[in-house]
1. Which one of these does VAL65 not meet: (1) aliphatic (A, V, I, L, M); (2) out of contact with any Asp or Glu (no Cβ under 6 Å at 6 or more places or on another chain); (3) surrounded by fewer than 21 Cβ atoms within 10 Å (Cβ to Cβ)?
2. Determine whether ILE50 is surrounded by fewer than 16 Cβ atoms within 10 Å (Cβ to Cβ), more than 22 Å from PRO193 (Cα to Cα), of a type outside the set (Gly, Ala, Ser) and modelled with pLDDT of 90 or more.
3. Identify all residues within the range 69-98 that are surrounded by fewer than 16 Cβ atoms within 10 Å (Cβ to Cβ) and within 21 Å of ARG135 (Cβ to Cβ); write none if there are none.
4. Does the range 200-217 hold any residues that are crowded, with 24+ Cβ neighbours inside 10 Å and either under 10 Å from the mean Cα position of the chain (by Cα) or of a type in the set (D, E, K, R) (or both), and which are they?
5. Which numbered condition trips up VAL6, out of (1) β-branched (Val, Ile, Thr); (2) loosely packed, with under 13 Cβ neighbours inside 10 Å; (3) closer than 30 Å to PRO218 by Cβ?
6. For the range 200-238, which residues satisfy the criterion of being under 24 Å from GLY24 (Cα atoms) and either among the charged types (D, E, K, R) or assigned to a helix (DSSP H, G or I) (or both)?
7. Which numbered condition in (1) more than 20 Å from ASP236 (Cβ to Cβ); (2) among the aromatic types (Phe, Trp, Tyr); (3) in contact (Cβ under 8 Å) with a residue 60 or more places away in the chain is the only one that PHE134 fails?
8. Assuming THR101 fulfils every condition listed in (1) buried (at least 23 other Cβ atoms within 10 Å of the Cβ); (2) modelled with pLDDT of 95 or more; (3) of a type outside the set (Asp, Glu) apart from one, which condition is it?
Amino acid sequence: MNGVNVVRLIKQLVAVVAVTALGGVAANIVGGNGVFALLAGLITATLTLIVYRAVVRRTEHRPVVEVSSAGALRALSLGALIGIGLFCLSIAAIALLGGYTVDGLGSPGALLGLLGLMAAAAVTEEVIFRGVLFRVVEERTGSWIAMVVAGLAFGLMHLLNPNASLFGAIAIAVEAGFMLTAAYMATRRLWVPIGLHFGWNIAAGGVFSTEVSGADTPQGLLDATMSGPVLLTGGDFGPEGSVLSIAICILAGAVFVWMAHRRGTILPPRNRRQVPEASLPALSEG
């Protein structure tokens, strides 16, 4: 990347990460459960989108169409349904092989707090890794190299979680980094990746009460137990470290890549690009 891109990348990352950090402080103050945690999460998600829109408009001088309100609710809902469905497929496959059992009802009251936590995580992480990192790197390197960069950074970030493992981080980089980036490539909007990310996480932690990315996730709606080989269950990292989840997410990502190919929204490296530089933002309108 040239110097201008690097400066722009840093400005955008600093602005968004600052909001994320403040949201984390607020979440720690109010605790993990209840209405206050829900509100803290929703406020963090909203402020992240506002700050992202403002800093991109200021640094890139263009309409920030990737977070346009047009069709946002439909795209968020679609993404959430896909995310919930994919996790249900993963946990069903794990359960069929004896790795997951439901023992009873868990903590329905905790679901409110988890909704806020997962909303904040989905928005902040997608804005940072797809909206900023992938998109800015892609302008120079093309879609495939940018996908690898953003995916590796996404996986490495999860090494900071309390129950993280190297295999879990690699799994996240491969499955989520690939699938979520492919969803952005296919739609050139952040709404589907945000919804997909949220749907997967809320199904995992909020409904099925599994660990989410090794983050010490509070118990959700069900009281459940995971047991068996780490390759099956993901161990302390959660089902995202399961080879079954990896396979399911790779297949879903492949569908999004196929959609992106059909729509012509996969960018080659800049030196092989026929599209004039000034028209690049127009891809976000497709």
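The values are calculated or read from the model by the stated rules, or taken from the named source; none is laboratory data. Quantities reported herein were computed from a predicted structural model and do not represent experimental measurements. Glycine also receives a Cβ, built like all others from the backbone with ideal geometry; neighbour counts cover every protein chain displayed.
1. Result: VAL65 passes all but (2).
2. On the way: surrounded by fewer than 16 Cβ atoms within 10 Å (Cβ to Cβ): yes; more than 22 Å from PRO193 (Cα to Cα): no; of a type outside the set (Gly, Ala, Ser): yes; modelled with pLDDT of 90 or more: yes.
Against the criterion (surrounded by fewer than 16 Cβ atoms within 10 Å (Cβ to Cβ), more than 22 Å from PRO193 (Cα to Cα), of a type outside the set (Gly, Ala, Ser) and modelled with pLDDT of 90 or more), ILE50 does not qualify.
3. The answer is SER69, ALA70, GLY71.
4. Once the filter is applied, which keeps residues that are crowded, with 24+ Cβ neighbours inside 10 Å and either under 10 Å from the mean Cα position of the chain (by Cα) or of a type in the set (D, E, K, R) (or both), the range 200-217 yields TRP200, ASN201, GLU211.
5. VAL6 satisfies every listed condition except (3).
6. Within the range 200-238, TRP200, ASN201, ILE202, ALA203, ALA204, GLY205, GLY206, VAL207, GLU211, ASP216, ASP236, PHE237 meet the criteria.
7. Result: PHE134 fails condition (3) only.
8. (1)
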